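What follows is a set of notes on a single structure, which appears directly below.
The values are calculated or read from the model by the stated rules, or taken from the named source; none is laboratory data. Values in this document were obtained by computation on a predicted structure and should not be read as measured data. Cβ sites come from the backbone with ideal geometry, for glycine too, and all protein chains shown count toward neighbours.
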Amino acid sequence: MNIINKSDSYIIANKLNTINIENSCKDSFNLMEKAGKLAAKNIDSLYTKRKTLILCGIGGNGGDGFIIAQELSNKGWDIIATIVGDQKIIKGDSLKALNKLKLKLLNFNDINLDKTKLFIDAIYGIGLSRKINKKECIILNTINNHTAPIIAIDIPSGIDCNNGQILGFAPFCDLTITFSTLKAGHILLPGSKKINKIKVVDIGISKDIINKIEPNIKINNKNQWVKEIHWPKIDDHKYSRGYSLVVGGSKKMTGASRLAAISAQRAGSGIVALASEKEAEEIYFISLTSQVVKSYKNIKEYNAIINESRIDSIVIGPGLDIGNKSILKIKSALKTNKRIVLDAGAISCFKDKLGILIKALSGKDAIITPHEGELKSILPNLSGSLISKALKAAKILDTIVVLKGATTVIASPNNEALVNPAGAKWLSTAGSGDVLAGIIGGLLSNKMKTYYAAAYGVWLHSEAGKYLGAGLIAEDIPKTLTKILKKIEKTNI
């Protein structure tokens, strides 16, 4: 999905937010007229005039469609309009818009689609919360299989605005024109797959109202954290740049923690150490070069390593065995009051032990990085969209949550989140999550604020995946970070 206009913040709203925004306007029909006219203006500027069929629903989205139909007709477009649904129950602002329409309405089944060169989908907007009926599915499937492109008004019909779920069927739309803000359904899968390009149109809603939307959800882009990056200074040395410690996995699972250690150093740590169980030390000594290996025989020696005063951040979880021994290591790491990343095994260890995890995290500067399965193992009763699950988890655990997936959500206990849209599909490979944990740990060692370090780390990881493309393996990602980092430092926007 390509957002074709530049927004300062890319704020993401849900259905309730959008309804409240619209209700803040005293003259709702004036708002509808403005939306319809601006949508028509954008369509006229982005597409050449052609024979166009506008499909209008019986609610607010249909009202927008009636206004668009009249506006494009006024501009010289060859417009056909049809109503999908029972015209008799159209009311309110939509009825006002219909009464202003000077075009003759046709029945969909009577229209010769062979000559149609563009469709405008104004059947359902953000209000849809049920599966669309069979007749509507047939109509949407018909235009979807046509060669002409489709423009959606607000959101492609059939997509749930709150969670991106497909409610029966949704067409693939070349362009989606939405108003005031992005909606969660634009960004979340599977709905986002139905959107090629999207444009957010300003219809005059006060920025103060939009900026007060809760929860505070935005797209994860450079504007959110670029000013928070701590670039090396001319007089820095390895310890001043940051010291990360990665807790190594067992002898049979060393690869994950090695990936994390290398990634932490690539992301910016001046020095990275790896704490290894004695039986695994030989593997780490042989395979790691610029990372320091510190081995231990027991929990006392382990505690001495993690409590080194110069250590800034600790990454624990990649390759970690699941069991009480590991829980003891995790709790010890959290007691150090270092900045902590809990990943993989350090999350799974707490299945059915939520109270222990909450107590261990209390008051700590930590980031937890589960995928949906790991999150479900500790919080099995979470429901809702990916965004709402991440926000609820962050609130319950009182820590930053990076909920990983094709779309990744970085959530704060302060009811704010950044959403990293799907796009880096080649990252779905073994070890990729371990690299991300290391990247975030490295950024934490640079003393970057926790929330921004998590978001920046996710973005770096995603951009590396997009850059590498087909055939990437986890080992490739750390090497690619230098190219992504150079680009950010150069643009510094």
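For this structure, a couple of remarks:
- Filter pass, GLY431 being surrounded by 22 or more Cβ atoms within 10 Å (Cβ to Cβ) and not hydrophobic (A, V, I, L, M, F, W, C): no
Residue by residue, here is whether (1) buried (at least 16 other Cβ atoms within 10 Å of the Cβ); (2) of a type outside the set (Ser, Thr, Tyr); (3) over 18 Å from the mean Cα position of the chain (by Cα) holds:
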site: GLU416; (1), (2), (3): yes, yes, no
site: ASN446; (1), (2), (3): yes, yes, yes
site: TYR452; (1), (2), (3): yes, no, no
site: ALA455; (1), (2), (3): yes, yes, no
site: LEU468; (1), (2), (3): yes, yes, yes
site: GLY471; (1), (2), (3): no, yes, yes
site: PRO478; (1), (2), (3): yes, yes, yes
site: LYS487; (1), (2), (3): no, yes, yes
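- Residue among ALA474, ALA454 that is at pLDDT 95 or above and under 24 Å from ASN163 (Cα atoms): ALA454
- Test set (1) in a helix (DSSP H, G or I); (2) within 19 Å of THR407 (Cα to Cα); (3) out of contact with any Ser or Thr (no Cβ under 7 Å at 6 or more places or on another chain) - ILE484 fails condition number: (2)
- So GLY60, is it surrounded by 18 or more Cβ atoms within 10 Å (Cβ to Cβ), in contact (Cβ under 8 Å) with a residue 40 or more places away in the chain and farther than 18 Å from ILE150 by Cα: yes
- All conditions in (1) without any contact (Cβ under 8 Å) to a residue 40 or more places away in the chain; (2) in a helix (DSSP H, G or I); (3) not acidic (Asp, Glu) hold for ILE43, with the sole exception of (1).
- Among (1) in a helix (DSSP H, G or I); (2) farther than 22 Å from SER244 by Cβ; (3) β-branched (Val, Ile, Thr); (4) over 17 Å from the mean Cα position of the chain (by Cα) - the single one VAL435 does not satisfy: (2)
- Being in contact with a helix residue (DSSP H, G or I) (Cβ under 6 Å, 6 or more places away or on another chain), at negative phi and acidic (Asp, Glu) holds for only one residue in GLU463, GLU372, and it is GLU463.
- Helices (runs of 4 or more DSSP H) contained in region 321-375 and holding at least 2 residues surrounded by 23 or more Cβ atoms within 10 Å (Cβ to Cβ): 324-335, 345-348
- Pick from region 90-138, criterion aromatic (Phe, Trp, Tyr) and within 26 Å of ILE198 (Cα to Cα), ranking: surrounded by the most Cβ atoms within 10 Å (Cβ to Cβ): TYR124
- Some residue of region 139-153 being touching a residue at least 40 places away in the same chain (Cβ under 8 Å), within 20 Å of ILE19 (Cα to Cα) and touching a strand residue (DSSP E or B) at 6+ places or on another chain (Cβ under 8 Å): yes
- The residues of region 262-307 that are assigned to a loop (DSSP other than H, G, I, E, B) and either surrounded by fewer than 16 Cβ atoms within 10 Å (Cβ to Cβ) or over 35 Å from the mean Cα position of the chain (by Cα) (or both), listed by number, are THR289, SER290, LYS297, ASN298, ASN307.
- Any hit, region 206-228, residues being buried (at least 18 other Cβ atoms within 10 Å of the Cβ), more than 19 Å from the chain's Cα centre (by Cα) and not basic (Lys, Arg): no
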